[in-house]
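One structure is given below, encoded as structure tokens.
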Amino acid sequence: MKHIALPMLALLAAVSVSAADGSLQNDIYRARDRVLPALVHIQPVVKDYNTGELKKQAIVGSGVIFNKDGYVVTNYHVAGKAERIICTLGDREQVSARFIGGDPPTDLAIIKLDLSDHKGPLPVAEFGNSDSVQVGQYVLAMGSPLALSRTVSGGVISTKDRYFSQEVRLPSGEQTGNYNLWIQTDAAINPGNSGGPLVDLDGRVIGINSRAMMFANSIGYAIPVNIVKEVVHAILTEGKVTRSYIGAHYQALQEMEEYFGTDGVNGVLVSSIDAGSPAEEGLLRAGDIIQQMNGQAVSAKFVEELPAFYKKIATLPPGSVIDFRVQRGTDTLHLSVKTRLLGDLQGEDFECAGWDFTVKGITRQMQLENQLKDSLGVFVEGVKRSGAADDGGLRAGDVIVAINKQEITDLPGFVAQYHDLVQAKTQKILLGIKRGGSSRLVVLKPSANEETTLND
Amino acid sequence: MIKRSIRAILAVAVAAVLAVTPGPAARAQAQTFDFARLQSSVRDYTVVLKVKVEIAFGMQTNEQEVRLLGTVVTPEGLILFDGSTVSSEQHSSMSGASFRVTPVSIEVTTLAGRKYSAELVGVDRFTQLGFARITNAGNTRFAPVQFAMNQQFKVGSWLTAYMLLPEFVTPPVASDVGMISSLIESPEKFPLTVGFGGLEMASVLYDERLTPVGVLGTLMDPTSVSTDAGGMISGSGEGDVQLLGVVTGERIQKLVASPPRKGEDERSWLGITLQALTKDIAEFLNIGASGGIIVTDVVKGSPADKSGMKVGDVIHEINGQPVEVDMEEKVPIFQRRIAEMAPGTQVEFSVFRPHDQKVDTLRIVATLEKAPLTAANAPSYESKEFEFKVRNIVFSDYIQNNLDVGSLSGVVISDIKQSGLADVGGLEIGDIIQRIANTPVTSVEEAQAALTKIVAEKPREVVFFIWRNNKTMFVNVKTDWKMQ
């Protein structure tokens, strides 16, 4: 026994000698040199419609160049609603960039640097493999915390599969984070780090830093790079990520096995079905345990397994027919559910500067979230305080279905009416609105003295 | 409670200052009031109430004693007092009561020193006037206060009143002087007063000739009055502007004739949601009425629905009287008018029904029905074992959650004991329980039966199937039987 123990001790000694030797330090230097030059300090001016008027706000985020043509990956909440973007590169040169595409459900976006004035080769960071990361592994976070550019912080991976049960929404209103788990790190992540890379000691990007626990010490979260790679690919080839929707929600089976009599059997517990959804049409019910999907066994015993199952359905091409084998009580059933396109989560924004409120188009997902009976009309996003709409009694969340007794079916129709009435300097406008189940009338009296602009 | 005692202290302080340095007007006027006469007449009908109340915050309860001034209003011993302090509820509309004050016992002491016990009859939800009935007076007849009817109030006319002093002061009452400061019309005729800031609500007010003309009451800030679809007015919250004024003899007489009964809500409803017909909207709709009510939704199966009323209809007359609602703040006048008519009353509405080009004129007759239960009045059941309380689903639950009425069944969790079994298990106030273990529940009776069965069987865990935020889910509550 002693014979075996000794060489092991020696080996340990050798490792510790080599660490003391400075190889960990050298690894950190090497990782730094591979990614830091490709780090981008991003200064977008983002558009915010929430207060009833278009407000432009300069913010700071981070990003990383992943391709020699100048493509940069960052967060959707950094660049998704950007009007203009200024980027500072590793060599401290400033270039402008434009928004290429984004994906609110994963909070990722791609921008492209304008390299017309840029000289020399562009440093590019390499994506690693987030499936092979380990808890305790050394990592570096790079970005612009509190706008302090080219900042490197270090730590370890604290957890590689953090699950958030709480619904999280982007500032622009989209629900996000349903399709991935999170890499948690104690490398300091602060506001401004958003969109920056989390890097392993091989100098490969293993995640995009996106969230942090406020008022906590060193609890930051990165989107695993394998998710990033898929989203980047979809945006660069198709312009966006296309997802399937069936309208079923799931819950971990853990602690429910006895109730459902599924001891020893795996599956995915259906907890809720959206009204009017493909899942409802396919007769799937809350309480069903999905055991197989297209002949393949599926399971979500633990919450950490839920995002992968949501993703499994989302990645099917819209229109796919899924064959579910479900357990319902003591019965085993086969149900087919035809998926449909998930579509945009939020509609396009529009500022009615002359009337002091903002609206957006109504998507199917907004219809569902706001319990609207149909998608007709436009959704009031914000009402400017003490403005004409506020005085008239319009509220955020109202749905405008008519202007001067003319029906409004969608955003383009609304915008056309709006422009006509503003152009004609109409002093009194009657809006027909839906508020909850009520159909109300609102009279707008835009102030005659105020200059209204049409440049929106 | 704290607010009240501060007010009482302030009242004493103000009274003391007034006594030292009365203003010139007060001094001149004071001579015209015959306080000695007042003092002898109030002795007949003024009483001091000691009310033991139970104060409940969620499921935690606490007892406290409140001292109030009361006025005998009938020979049999019906007593009028400030009901807001001894019987109030503030509840989140979704879950039901979360803060509640209920009287446990009422002790009545006349100024002559005679003691009786009384029970709460009820509190009027509009004026917050409370009524209690003496239960052990035998054949004793009281000399009640006689309020003047149809009093002509004038701005600038003086009023006086009696107020309750702290217990250690003898006699326990003192007089105060105030003035009619304004005669306001909205939301209903209500003479405002000044000078009674420290006075207890429901104190009897007297004119210069010492005739009782009404009691001190508040007018809620109309802009803070929220209304629900049942045509019910819910109370004003903290921080609202309170306008003090006279609750007139006519209104009190009405209340005395049929006192509000606790637990029983005899309000009527029409079953519409509504909006004021402003001048601007009337212009757009080509309607020549100086106010009215626009019907914005009609509840299926409600009196309005049965009468043929439609969304977009404009009600401009009730029983031939104009509905002068031309701003949102006046909507409660209409709601109150409906709510205060007895269920079963036939009401004729004159209605405009605007079309694209023309406006139809219709007469619609609706038979009012008893308003649906509110969250606070709904039957409820408390489970000691699971440490939560459930109540029946009510009309407003559907409206508040933007659901079609009747589209969901279950019981609503109205209270949860902090860190109790239900709380730790992950249930929340407002959850609608649809199934307990394998038993579907649609009423508190069913929930009680299901829970009683579970308590007898003592399973290790109980799965609840609930509705929360427009989604359903399963919640596993671990039990802990040895603790009980």
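List of remarks:
- Stokes-Einstein diffusion for the range A:22-124, with the hydrodynamic radius set to the Kirkwood value over Cα pairs and evaluated at 37 °C in a medium of 0.692 mPa s, equals 227 µm²/s.
- Here the calculated FRET efficiency for A:Val45 and A:Thr332, from their Cβ-Cβ distance with R0 = 45 Å, stands at 0.20, rounded to the nearest 0.05.
- Along principal axes, Cα extents of the range A:333-399, largest first, whole Å: 58, 18, 16
- Charges were assigned to the Cβ only: +1 to each Lys and Arg, -1 to each Asp and Glu. The resulting dipole of the range A:126-238 about its Cα centre is roughly 260 debye.
- Cα-derived Rg over Rh, computed across the range B:108-154 with Rh taken as Kirkwood radius: 1.07
- Calculated P(r) tail over 25 Å for the range A:126-238, as whole % of Cα pairs: 17
- Per residue, the Cα convex hull of the range A:244-341 amounts to 82 Å³.
- Per-q log10 I(q)/I(0), the range B:380-483, q = 0.12, 0.23 Å⁻¹ (Debye; single scatterer per alpha-carbon; no solvent): -0.35, -1.29
- Peptides B:456-462, A:71-77, A:274-280 ordered by average Cβ neighbours within 10 Å, highest first: A:71-77, A:274-280, B:456-462
- Helical mean residue ellipticity (222 nm; -39500 (n - 2.57) per DSSP H run of 4+; nearest 500) of the protein assembly as shown: -5500 deg cm²/dmol
- Coordinate range along principal axes, alpha carbons of chain A, Å, largest first: 94, 67, 39
- With the alpha-carbon atoms of the range A:278-331 aligned to their principal axes, the span from lowest to highest coordinate is 32, 28, 19 Å, starting with the largest.
- Entry note, the range B:380-483: relative contact order of 25 percent, from Cα contacts under 8 Å with a spacing of 6+ residues.
- Taking the average, over residues, of other Cβ atoms within 10 Å as the packing measure, peptides B:288-294, B:272-278, B:132-138, B:397-403 rank B:272-278, B:288-294, B:397-403, B:132-138 from highest down.
- Neighbouring partner chain Cβ atoms per residue of B:286-299, average, 10 Å criterion: 2
- Placing a label point 7 Å from the Cα of B:Glu283 along the Cα-to-Cβ direction, the residues of the range A:409-430 whose backbone N falls under 19 Å of that point are A:421-430.
- Modelled spin labels at B:Ala148 and B:Glu107, positioned 7 Å past Cα toward Cβ, are 3.7 nm from each other.
- Assuming charge only on the beta carbon of Lys and Arg (+1) and of Asp and Glu (-1), the dipole of the range A:244-341 about its Cα centre is about 400 debye to the nearest 20.
- When every Cα-Cα distance of the protein assembly as shown is counted in 10 angstrom steps from zero, the calculated P(r) takes the values 2, 9, 15, 17, 18, 16, 11, 7, 3, 1, 0, 0 percent.
- Distance from the range A:115-132 to the range A:227-281 (C-alpha centre basis), Å: 34
- The packing ranking of peptides A:389-396, A:368-375, B:211-218, highest mean first, is B:211-218, A:389-396, A:368-375, where packing means the average number of other beta carbon atoms within 10 angstrom of each residue.
- Length-normalised contact order of chain A in % [C-alpha pairs under 8 Å, at least 6 apart]: 11
- Number of Lys-Lys pairs in the range B:268-370 with C-alpha atoms under 24 Å apart and a separation of 8 or more places or on different chains: 10.
- Extension gain, B:Arg261-B:Asn136: 0.36 nm per intervening residue step, less the Cα-Cα distance, totals 43.0 nm.
- Using C-alpha pairs under 8 Å with a sequence gap of at least 6, the mean separation divided by the residue count of the range B:268-370 gives a relative contact order of 31 percent.
- Distance from the alpha carbon centroid of the range B:384-453 to that of the range A:313-345 works out to 31 angstrom.
- For A:Lys384, a cut-off of 16 angstrom between C-alpha atoms picks up these lysines, skipping any fewer than 8 places away in its own chain: A:Lys47, A:Lys55, A:Lys56, A:Lys360, A:Lys445.
- Peptide A:267-278, shielding by other chains (average Cβ, 10 Å cutoff): 2
- Per-residue shielding of B:273-280, expressed as the average number of other chain Cβ atoms within 10 Å of the residue Cβ, stands at 4.
Only the coordinates and a few stated rules stand behind these numbers; no lab work does. Not measured: the values here are computed from a predicted model. Positions of Cβ are backbone-derived with ideal geometry, glycine not excepted, and every protein chain shown enters the neighbour counts.
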